[in-house]
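Here is the structure we will look at, set down as structure tokens.
The values are calculated or read from the model by the stated rules, or taken from the named source; none is laboratory data. Predicted, not measured: the structure shown is a model, and the values here were computed from it. Cβ: placed from backbone, ideal geometry, glycine included. Neighbour counts: every protein chain shown.
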Amino acid sequence: MKKHLLKMMMPVLFGAALVLTGCPTNPVDQPYKPIEPDAETMAAKIVGNCKQNFSDSYLGNGLQGIAAKLSADKLKDQGGRFRAIRVDVGAEATDCEVFIAKGDIDNVVARQEFTPDGKGWYYVEISYEYGYNEDESDFYIGMTCNTPSGVYPVGIQTANRAYSTEYIMANNEWMKLSEAGVGGYVSIQAVIDGGDYSQESNKYDLAINVSANTTVIEGSANQVRIEIANVGINKVKGANVSIVCGSQNASAVLSEELLPGQSGIVTTNMPAVSAGGYKSAYNVTVTATPNEGSNASDDNVMEFVQQIYAAEGSATRNALLIEQFTSVTCQYCPMGERALDAAIEGMSDPSKVIWIANHGNMGATDPFRTNQSDSLMGALSVAGYPSMAMNRILTSAGMTLNPQTATTAMLEEALNQVTAATLNMTREYDALSRELTVNVNGKSDVKDNLAITVLLMENGLEYSQIDYEQGTHAKYSHNHVPRAYLTSVLGDDLEVDADGNYTWSGKITVPESIGSFDCDVNNMYVISYIALDGLGVTIQNGYYVGTSDLYASDVLNAMQLPIVEGSTPDEPENPGTDVEPEGVLKYVAPMYRANALVTEVE
């Protein structure tokens, strides 16, 4: 059974790799008790998620509760008693209660009220004895609370997957994060008695947490920071650490003594060596072994994925491409939009973000929904709204990120990833004929399986929008809306010569209107991007199904320009609460691909 302080996040599809932040050296509330145990006193151990005093985002406007499942194998032969629950609470949460449930999330066996007095971690004592879980029951730890509108009460560690062990409560019903399309772990954990110390290995039990870049450049120093915590009952007189990444390995020694509950830090550098080509991905294994006592093969081991980019010929990105998935009838989507916008505004250069808002099916007519957006969502295996992808990097699970969990640091990290190709774009617009000519060129280290996508965008399209926080807007300014494609949405094949050079040219007559919306060329712009052509779309039982694999569809570079030279397409700010419109228009806006009309999905 693995004992980890933090399950490492896979590289984010969500677009880009994250810097994984380790636990603070001195937790605020010291959940581990640094004591010398005796026969009557056992050391505390933490089980659950996000075992640190840090949450990189807050989730849950309107949520009533969160919970995490502790599977039977996590508790078997461990401790025998719950001591407390730790939970990260956002500001203004009230009437809070933690609980323990056995076998089923609704079968509560213990509960304890508490009153938070601000944002942060809370240590709530709650006692429940489960023996050594001989009946192998699953347990659930959770928190419920009341929150006013606009409050995000739950800390979350964002990740590339929506885990089925994580739960949220809304409208008095529990649902898994995987059902809600939210990626990450809720910030809740249980403090239990230390373990069954009749087993020799548990007397010298370690937990490890690793802080490292999941993306590095070949030949870089590649520093790895490792925190080792003593969660056993005996004093640990140091530990040996090994790190293995592909053909490379490194070691480090923790020389300091650790009392039960204490932790120490070691750092080491490990050369990053690629297997060749544009990018390689390795499983990195970190193992910590106490200097005394046994170490079971599955214990004290952490794994994560590290991407290594070839250093030679690597290029800088013009911009970060964000593909958002939304709908005019998605009540949580405006919240995601506002959170994403705030994260972008916090960047050192917000202009280096290219944002495409793809509208999809929410069971009602959306005038901005198209065949192209449906195809893209199928290819990326988009499970729900709101969601987004950054640079279109897919995980093996094909999961996307909820924009409500987006952070400035996450976006900066994605933007600063090295890449394999440059991209330059020019355009010429004839105002009399409304003909737009687009020219793209660049150089790529990748010479095969490249695709180029070119499309027209428009800001400031007014239509209604349901908004959980602010009510229904009769007139909502929809920005970043795809209006016409000069290529297929998944890209046309791009030829790269032996020297790595490529060129592409295309023309389109910008329509006077599309559907019932006029096209204001002064508020329109053109986007081009090139990507690895690893996406395939098939149809099964009437649904689009993506056939991509890990890293198959990376966007290598992107660029945007206003259609009219010197124009600055506005992104109108949206008003506060509006009344429900008396009638919602039932038209469907067609889309254009080159000069041919593409029928939109009914």
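A few notes on this one:
- Listed by first and then second residue, the pairs linking a residue in the range 85-109 that is farther than 10 Å from residue 139 by Cα to a residue that is assigned to a strand (DSSP E or B) and among the acidic types (Asp, Glu), with Cβ atoms under 6 Å apart and 6 or more places separating them unless they lie on different chains, are 97/113.
- One residue from 264, 246 being at pLDDT 75 or above and closer than 29 Å to residue 391 by Cβ: 246
- The range 353-370, residues that are crowded, with 17+ Cβ neighbours inside 10 Å and not β-branched (Val, Ile, Thr): 355, 357, 358, 359, 360, 362, 366, 367, 368, 369
- All of (1) closer than 26 Å to residue 316 by Cα; (2) at pLDDT 85 or above; (3) in contact with an Asp or Glu (Cβ under 9 Å, 6 or more places away or on another chain) hold for residue 351 with one exception: (3).
- Strands (runs of 3 or more DSSP E) (entirely within the range 346-460) containing at least 1 residues that are in contact with a His (Cβ under 8 Å, 6 or more places away or on another chain), among the aliphatic types (A, V, I, L, M) and in contact (Cβ under 8 Å) with a residue 40 or more places away in the chain: 353-359, 450-458
- In the range 214-242, of all residues being hydroxyl-bearing (Ser, Thr, Tyr) and surrounded by 21 or more Cβ atoms within 10 Å (Cβ to Cβ), the one that is modelled with the highest pLDDT corresponds to 215.
- Only residues that are of a type in the set (Ser, Thr, Tyr) and either surrounded by fewer than 21 Cβ atoms within 10 Å (Cβ to Cβ) or at pLDDT below 90 (or both) were counted across the range 314-347, and they come to 4.
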